[in-house]
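Student: Could you have a look at this structure, given as C-alpha cells, before my questions?
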Amino acid sequence: TGVVTSRILEAAVVLTGAVFFGTLTTALVSGRAAAWTTSIVLFAASLLALAMAPVRLTVDSRGIRLVSVVLRVPLLRLHLANMESVTADTIDPMRWGGWGYRVSGAGIAYVARRGPGIVIERRRGAAVAITLDHPEEAAALANGLIAARPAPGPGR
C-alpha cells in the first residue's frame with residue numbers, strides 16, 4: 001500500500017476551489033443563473049480533482065486497487081485473475097494521454113507525474129499504467145501473487 005500524489009491535481013483542486021467560491025459569491029450577490037451554473041460546474045470539477053489527488057494504491061491477493069484518499073472513492077480495480085504481468089517502467093504522460101486519470105489508445109492510466117510507475121498487462125482489455133514511487137516493489141509483489149494464483153481449471 002502506498003499513497004500517490006499529483007502536484008498538478010493538487011493545484012487544480014486549489015484553483016477550481018478558489019474560482020468556485022468566487023463564482024458562488026457572485027451568484028449569491030447577483031442571483032444570475034449563469035453564475036449559479038458556473039458555480040455548479042466548478043464545484044463538480046473541484047470534487048473530481050479532489051478525488052484524484054491523492055490516491056492510495058494497494059496490491060494484495062485480490063489484485064490492484066486505486067482509491068481516492070480524500071473521498072474514499074474507488075477509481076480502479078484490477079482483479080488478480082485478469083492480470084498477466086506487472087512491470088516497473090518510466091511513465092511518459094503524453095504516451096498515456098496526459099496527466100490525471102486517462103483512457104486513451106494506449107490503455108488506462110493514472111498519471112501523477114512523469115517518471116517511475118507500473119504497467120499492468122491484462123488478460124482481457126488494454127494495459128494499465130500508474131505512476132508511483134518505488135514501482136519495483138509493487139511489480140515484484142504483484143508478479144509473485146500472479147505466479148502463486150491457482151491455475152484455471154477446465155471451463156474457466
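The values are calculated or read from the model by the stated rules, or taken from the named source; none is laboratory data. Quick caveat: nothing in here was measured; it's all calculated off a predicted structure. Heads up, the Cβs are rebuilt from the backbone with ideal geometry, glycines too, and the neighbour counts pull from every protein chain shown. What goes into the accessible areas is simple: the full protein's heavy atoms, side chains included, and nothing from ligands, DNA or RNA. Shrake-Rupley method; radii C 1.70, N 1.55, O 1.52, S 1.80 Å.
Student: Would you pick out the residues in segment 76-93 that are in contact (Cβ under 8 Å) with a residue 60 or more places away in the chain and part of a strand (DSSP E or B)? Working first, answer last.
Tutor: Going through segment 76-93, the residues in contact (Cβ under 8 Å) with a residue 60 or more places away in the chain turn out to be 80-81, 83-86.
Within segment 76-93, Met83, Glu84, Ser85, Val86 meet the criteria.
Student: Taking the options Pro74, Pro135, Pro150, name whichever one is open to solvent by less than 40 Å² (accessible area, probe 1.4 Å) and of a type outside the set (A, V, I, L, M). Walk me through it before giving the result.
Tutor: Values: Pro74 fails: open to solvent by less than 40 Å² (accessible area, probe 1.4 Å); Pro150 fails: open to solvent by less than 40 Å² (accessible area, probe 1.4 Å).
So the residue among Pro74, Pro135, Pro150 that is open to solvent by less than 40 Å² (accessible area, probe 1.4 Å) and of a type outside the set (A, V, I, L, M) is Pro135.
Student: Here's a follow-up. What residue, among those in segment 110-133 that are among the small types (Gly, Ala, Ser) and in a loop (DSSP other than H, G, I, E, B), is modelled with the lowest pLDDT? Break it down stepwise before answering.
Tutor: At the first step, the residues of segment 110-133 found to be among the small types (Gly, Ala, Ser) are 112, 115, 117, 125-127, 129.
Checking the rest, the ones that are also in a loop (DSSP other than H, G, I, E, B) come to 112, 125-127.
Working: Ala112: 88, Gly125: 91, Ala126: 94, Ala127: 97.
Checked segment 110-133; the qualifying residue modelled with the lowest pLDDT is Ala112.
Student: Moving to a separate point now. Where the second residue is modelled with pLDDT under 85 and the first is loosely packed, with under 15 Cβ neighbours inside 10 Å and lies in segment 7-19, which pairs have Cβ atoms under 6 Å and are six or more apart or on separate chains?
Tutor: Here the result reads none, with nothing in segment 7-19 linked to a residue that is modelled with pLDDT under 85.
Student: Starting from segment 129-147, take each residue that is closer than 24 Å to Gly98 by Cβ and list its partners that are open to solvent by 60 Å² or more (accessible area, probe 1.4 Å) and in a loop (DSSP other than H, G, I, E, B), counting only C-beta distances under 7 angstrom and pairs at least six apart or across chains.
Tutor: Thr131/Arg113
Student: Residue check: is Arg56 charged (D, E, K, R) and under 14 Å from the mean Cα position of the chain (by Cα)? So that I can check it myself, show each step before the final result.
Tutor: Working: charged (D, E, K, R): yes; under 14 Å from the mean Cα position of the chain (by Cα): yes.
The answer is yes for Arg56.
Student: Determine the pairs where a residue that is of a type in the set (Val, Ile, Thr), located within segment 37-64, has a partner that is modelled with pLDDT of 95 or more and part of a strand (DSSP E or B) with Cβ atoms under 6 Å apart, the partner being 6 or more residues away or on another chain.
Tutor: What qualifies is Val55/Leu66; Thr58/Arg65; Ile64/Leu78.
Student: List pairs: first in segment 102-114 and closer than 14 Å to Thr131 by Cβ and open to solvent by 10 Å² or more (accessible area, probe 1.4 Å), second aromatic (Phe, Trp, Tyr) and part of a strand (DSSP E or B), Cβ under 9 Å, 6+ apart or cross-chain?
Tutor: Arg102/Tyr110; Ile108/Tyr101
Student: Report whether or not Thr87 is of a type in the set (Ser, Thr, Tyr), in contact with a Lys or Arg (Cβ under 7 Å, 6 or more places away or on another chain) and at pLDDT 95 or above. Working first, answer last.
Tutor: Details: of a type in the set (Ser, Thr, Tyr): yes; in contact with a Lys or Arg (Cβ under 7 Å, 6 or more places away or on another chain): no; at pLDDT 95 or above: yes.
Answer is no for this residue.
Student: Now, a different point. Looking only at segment 134-156, count how many residues are at positive phi and at pLDDT 95 or above.
Tutor: Of segment 134-156, the ones at positive phi are 134, 155.
Cutting the leftovers down to at pLDDT 95 or above gives us none.
Going through segment 134-156 one residue at a time, the tally reaches 0.
Student: I'd like the residue in segment 90-101 that is touching a Lys or Arg at 6+ places or on another chain (Cβ under 9 Å) and closer than 19 Å to Arg56 by Cα and, out of all such residues, is most open to solvent (accessible area, probe 1.4 Å).
Tutor: Trp99
Student: Let me ask something additional. Any idea which residue in segment 50-74 is modelled with the highest pLDDT, counting only those that are in a strand (DSSP E or B) and among the hydroxyl-bearing types (Ser, Thr, Tyr)?
Tutor: Of all residues in segment 50-74, those in a strand (DSSP E or B) come to 55-60, 63-68, 74.
Imposing the further condition that a residue be among the hydroxyl-bearing types (Ser, Thr, Tyr) reduces the set to 58, 68.
Values: Thr58: 96, Ser68: 92.
Once the filter is applied, the top-ranked residue is Thr58.
Student: Residues to consider are Gly63, Gly107; find the one that is at positive phi, over 13 Å from the mean Cα position of the chain (by Cα) and of a type in the set (Gly, Ala, Ser).
Tutor: Values: Gly107 fails: over 13 Å from the mean Cα position of the chain (by Cα).
When all the criteria are applied, what remains is Gly63.
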